[in-house]
Structure formats: C-alpha cells, structure tokens
Amino acid sequence: MAAITLLEAIRKGLWEEMERDDRVFLLGEDIGVYGGAFKMTEGFLERFGEDRVIDTPISESAIVGAACGAAMMGLRPVAEMQFIDFISCCFDILTNYAATSRYRQNIGIPMVVRGPSGGGVHGGPFHSQNVESFFLNTPGLKMVEPSTPYDAKGLIKAAIRDEDPVLFFEHKALYRNPRIKQEVPDDDYIVPIGKAAVRREGRDISVITYGVMVYTAMEAADRLQEEGIDIEVIDLRSLLPFDREAIVESVKKTSKVIILHEATRTGGMAGELTAVINEDAFEYLDGPIMRVTSIDTPVPYAPPLEEFFMPQVDDVLKAARSLAAY
Amino acid sequence: MIRYPAFDPPEYIDWQADPRLVEEFARTIERDAGRKEIVSALDHKRLLSLYEGLVRNRLHDIMLKRWVKQGVISKAWLGTGEEATTIGAIHALDRSAASDGRPTDFVAPMIRNAGACHEMGMTVTDMLRGYLGTEDSPTRGRDLHIGDFQKGVIAPISHVGDIMAVTAGIALAFKLRREPRVALTWIGDGSAKAGVFHEAMNMAAVQRLPLIVILQNNQVALGTRLDQHHRASFLDWPAAYGVEGAAMDGNNVLDVYAAVKVAARHCREGQGPFLLIAETFRMGGHATHDEREARQTFAAELFERWGKRDPLGLFETYLIEGTMDLENGRRARKTGSPRERNLEVLKRVEERVTSEVEAAAEEALSSARTKMPRPEQAAEGVYAEHSRSSAQQASGIVF
C-alpha cells in the first residue's frame, strides 16, 4: 500500500464508486477527453465511456441543474466545478432548487458537486476562493472538506452515497502536496458526514479548523508546545452539518477556543461556531472566542498580498498567546 | 360551456364563436400533413377527453378565483386563455406506467400550466389543498407549487428558468438508461430570457436529449410586454440551437396535441430535443391581484382579439359543429347532423367535471378545517435523516 496524495485519494474514491455502482456518473467541463483541469478524471473516459464521463459546455447552471434532474430519477451524478469559484454561476440551482427539493416536493437529490477550492497558490480573485459561507445559510445542502487523503477517499464515497446534495471542497494546495501523502486502504470504507476528527489532543486551547488550515494549526501547535501551551486541533471535515458534540466536548475540556479558517471573516463559519459555543458551553469558557481568518477582501494575486490576506502560523501563535494569558 | 360573469374575463362572458376563427381552427389542423393525420386518428373518446381536460383546467382556475373573492386565499396564478397549450401537450404524451411504476413521460409545468397536474392524474382536491397549505396537500403545506413524482409531475419553482435544466437532467437519465421516455417542460416568453434557458437548451442539443420544450409565448413577462423584452423571432431559436422546432397554435388544442405528438416521436427515436413555439395570450393578470394592471399594460383590442380565440370555446364549437357523433364516434352522413346530440354529450362532460371540482373544493376546505400541519412540522424533512440541528432549534434549546 503506497502513500498517495489527496488528489489521488479522491480519484480513487470516485473510481471505486463508479466501479461499484453504475448509477454513478460524472459531468463537468473538460473532465473527459482532457482529463480535468487538475487531471482528477484522467483515464475515466477510457474506462467508463462517454455516457458516464460527460464533457459539458461551460454552463454551470445546466451542469448542476441536469445533475438535479438525473439524481431525482435515481442516478448518482457527481458534477465538477473546474474551480469551486465558479459555483457562484449555479448558486440559484443549488440554493433554490437542489436544497429545497426534498422539503418542498419530497424528492431527494443525491448529487455531489465537487471542485478545487482555496488559495495560497497565487490564483487570484477567481481561482482561490473558499465558498462555504455562501452555502452555510442554506438548509438542505451538506458541505464537506477533507484535509487528509484517508478522509478524502472516505468522504467522497460518503458524499456519493448520501441521499442529499453534498458540496465537496478540495483544497488545491493539498492536491499534490507530498508532505500530506498517506497510505490509504484499498478497502471500501466511508468517513461519515457530520463527524469531526481530533488531530491533536491538548489541554489548554482548542483550535477548531478544517481543510488546509489543519496544517497551519498543527504547525502552530508544535511551536506553542515549546512555550508550554498545549493545543487541541479539531478538524471539522464536515462543515454542514458540523459536529456540534465534538466542538462542545473540546471546549468543555480546554475552555479556550480559536476558530481558524481560510475563508474571509465576516459572516464566515467562525461566527456561526462562536454562536454554537455560546449556546452550548458558555459557562465553560475562560476567555473570548477568537477568530483567525482571511481578511475581508477579495483574494489578492501577488504573493505578498495573498500571504497578508491568508491566516499564517504566526497569526495563530499570536491569538493563542493572548488567549493563554486569560 | 357555462360562462361565469363574476370570474371569467369580460371577453368570455357572452362568448360567441366567430365563424372566421372557427374556420381557421379547422384549417390550422389540416395545414401540416403529419399533424393532420394525427388529428384525424383521434376517436370520439380522445376528443372528449381533451375537452374534459380543458373544462377541468378552466373550472379549477375559476374555483381559485372564487376563493380569492371569498377571501379563502389571497391570490392565484391562472392559466385562463392558455389552457390548450397545457392540455393538448399532456394528452400527446405517454402517460402509461413504465417499469418503475411511474408514467413513461415526465412533465415539469410552470404554475400557469396547473392543468398538467390534473391531466397527469393528480386529483383536483390535492391541487386545491396545495393552495390551502394543508397537511394532506402534496407538499404537506411547505409550498403552493405542487407536483407528484409518482405521477410524473415535477413541481414548479418561481425561478422558472431553472426547471429547463432540471428537466434536461430527467431527459439525461432517460437517455443514459436507454429508456424510450420523454421529458417535457414549458417556459414563458419572459422566463426564456434567463441565462439558464440558454445553457440548458444548448446542453440538451449537444447531448441529444429526449426533451420537449414548449415556449409558451403569452405576450407578457409579468407586467412587461413582449415588445419591451424581446427583439428576435422565437421561430429562429430552434435553428440557433441546432434542434428541431416548429410553431403551433397555442389556442388550438388539437394543433398543440398533434405538434407535441410529432415532437415526442422525434425525441423517442433518439433524435434530440424539440423546441415548440406556442403563441397564446394571458387573459388575466400575472396573478389574480393585478388584473387591472394587465388591462393597462395592453390595448383593449388585444384582449378583444385573443378573447375571441378562447381555446375552450373554439374547440367546443369545432366539436359541436363537426360531423363526428360524439356519442358513438360515427361520422354523420349528409342527413342527421349530430349537433344536438353533441351539445348534450358535451354538457354531460361539463356537468360531471363541475361536480368533480365542486366536490374537490369541499374536500379541500374540509382539510383546511381539520388537517392543517402542526407548527413543529416546519422543522421536518430538510434532509433524508432527521436533521439534528433543525430539530434542536425546533425544540427551543438555546442558551
């Protein structure tokens, strides 16, 4: 069992699901002949044919709308957004159609919309976004974002098998990152949607995070260990629904919380998680809940600008030190 | 049929068939050889069933309008004047059960195509319950846009263009499974201006999907006249997308029937989508609340002109004055015109449907008295598994 990248793990999950279940099919821009902008689906067309690996026009609404219709009829579509930024083009179909269908007309839409998200690769304003907050306020959708190859394979399988529409975010800075390669079992396993993972146990401060920021948190935790601050790192994995119990349990243990995400600050996941902690664990808190996030601007292009924009290890260190002083 | 001065558009109240339009009605269905053949193959039962569908659609809408006047509901979106485009289309589809137990063909109506619901087999009772939001309505009170998946009806949503893409997806599922089934949707001259129409039409063309799109040009987008929001001819659109297309008379139920029949055959044979252009006219407002504005939007002559083309009145006249004896389907010889007998047959149909709609209204109102959803049911059914977070919110657990 060789160690594989996050991209290979997602690929493996998709491939296995298509082998296992002939209702599963892929559609998206350049995913067939070209193999996908990130080569996620290279070789799929040859193996599964053009009925199950559909090259589409540049038409995100039609892609996701057609996925909705096909899912209603019992198929299991997986739609690719070439970059997750382009999901805004089908915002209407996702929020008004897919998210409401079960509630309105009792027709479930078991569909996955997946794509590369996130910055740090100098992609500029339209190839670097994290879009979860756009959808966090939409009951009826689910959202997941794996940080490890093991989770990536298990979550993509769980997403495909889920009875409701799932948005699957893949941080492109992790796609081929050799440092996070992992041995991933060939077995058919899933990582359940809605369950967080404790990446590092600690007593003093909980850092609640997900995606690429898990690694920022881990690096900060190593540094803070030297200063005698013991950090717990919670990797949410699922953003909607998020693991309320795991968050509250960790807060009850440490009494201090940093919420860390790469998405911008205002109206982000951190605000919602803060409210949840206030509702469920206020009396356990021993300091303000702190947010470490990107700043409230579009994602800038030039490296120094993007670095300033995104949360860095130092930002976590600063927040942790000030929180530790309470 | 009986006209209802309190609810019908003024042009319909003393409706008399204009001989020129009756003649045109007959000419229209003979213009195209293929359509002519399809229409002439219709027996008296099929013709009566089309008539019954039109009457049901009209009476359903009249009941809603009555409810608005009585204050039972606040407004309703009616298909008055456009019924033929709905009813003719449904009757041309294959409504027999496929191997999955659902109808062979699927439809995705706009709210103005409510007639699609009852002609696909939903009861008028359920449709009226939809407006009342009862627990036993098709959406259990969650929405007044109704459908029934088991009966092949996808519920409308207000972002009308979206349905184009979703219906294309239904057609995609048929294609991928190699099932000879067809998906049909309607779109207005207004909603066809949403970008998703273009995306879905083009993708359906590229994928050669068994999708019928009826562009229902009722000359108005809510309160904006066609000439304010449209420049080209809709008839040029099919060629622009590289799909088969044709015009049909949206107020002639037989022309619609035949045109959709041709389109369905084309789709079933795997030849890709079919875009039908139906000219018709909305004889009321966008909904019941803005009928006055609609009268201000258009010149009175336009209402007058289209009012004479009442799809129900024209078809009824065609049947009454025709040579077919509606009692038994025989063609009359030179002697013994079946006129009087036909009048009697149509009257019986109308009486039956009137009773059906009145009983449906009674039943629906009874549901409204005894079967409204419990408030906490608002929190159910967002996800396949009961959502913990919404349940928790519903139980009022906050700090």
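The values are calculated or read from the model by the stated rules, or taken from the named source; none is laboratory data. This structure is a prediction, so every number in the text was calculated from the model and none was measured. No Cβ is skipped: glycine too gets one built from the backbone with ideal geometry, and neighbour counts run over all protein chains shown. These area figures cover heavy atoms from the full protein model, side chains too; ligands, DNA and RNA do not enter into them. Shrake-Rupley method; radii C 1.70, N 1.55, O 1.52, S 1.80 Å.
Here are a few things to note about the model shown:
- Whenever a residue of the stretch B:19-48 is open to solvent by 80 Å² or more (accessible area, probe 1.4 Å), its partners that are among the hydroxyl-bearing types (Ser, Thr, Tyr), lying with C-beta atoms within less than 9 angstrom and at least six residues away or across chains, give the pairs B:Glu30/B:Ser40; B:Arg46/B:Tyr257.
- Boolean, A:Ile93 is more than 8 Å from chain B (Cβ to nearest Cβ) and open to solvent by less than 10 Å² (accessible area, probe 1.4 Å): no
- Cβ separations smaller than 6 Å between residues 6+ apart or across chains give the following pairs from the stretch B:281-302 residues that are farther than 16 Å from B:Ile111 by Cβ to residues that are open to solvent by less than 40 Å² (accessible area, probe 1.4 Å) and assigned to a helix (DSSP H, G or I): B:Phe281/B:Trp306.
- Test: A:Gly268 is outside the structural domain of A:His171 (by TED's automatic domain parsing) and surrounded by fewer than 20 Cβ atoms within 10 Å (Cβ to Cβ): no
- Of all residues in the stretch B:18-28, none satisfies being modelled with pLDDT of 95 or more, under 22 Å from B:Ala359 (Cβ atoms) and not hydroxyl-bearing (Ser, Thr, Tyr).
- For the stretch B:328-353, filtering for residues that are crowded, with 17+ Cβ neighbours inside 10 Å and either under 30 Å from B:Glu135 (Cβ atoms) or of a type in the set (Val, Ile, Thr) (or both) leaves 3.
- Selection from the stretch B:130-147 of residues that are more than 14 Å from chain A (Cβ to nearest Cβ) and open to solvent by less than 30 Å² (accessible area, probe 1.4 Å): B:Leu132, B:Thr134
- Count - residues of the stretch A:69-98 that are part of a strand (DSSP E or B) and touching a residue at least 60 places away in the same chain (Cβ under 8 Å): 2
- Residue count for the stretch A:141-172, restricted to those that are surrounded by fewer than 24 Cβ atoms within 10 Å (Cβ to Cβ), within 13 Å of chain B (Cβ to nearest Cβ) and in a helix (DSSP H, G or I): 1
- Among residues of the stretch A:46-62 being in contact with a helix residue (DSSP H, G or I) (Cβ under 7 Å, 6 or more places away or on another chain) and assigned to a helix (DSSP H, G or I), the one that is farthest from the other protein chains (Cβ to nearest Cβ) is A:Phe48.
- Any hit, the stretch A:1-9, residues being away from every other protein chain (no Cβ under 14 Å) and modelled with pLDDT under 95: yes
- Exclusive hit being over 25 Å from B:Arg35 (Cα atoms) and of a type in the set (A, V, I, L, M, F, W, C), set B:Ala205, B:Ala240, B:Ala232, B:Ala264: B:Ala232
- Residue match in the stretch A:132-140 (condition: part of a loop (DSSP other than H, G, I, E, B), open to solvent by less than 20 Å² (accessible area, probe 1.4 Å), more than 9 Å from chain B (Cβ to nearest Cβ) and out of contact with any Ser or Thr (no Cβ under 8 Å at 6 or more places or on another chain)): no
- Candidate set: the stretch B:176-196, residues that are in a helix (DSSP H, G or I) and more than 8 Å from chain A (Cβ to nearest Cβ); chosen: the one farthest from the chain's Cα centre (by Cα): B:Lys193
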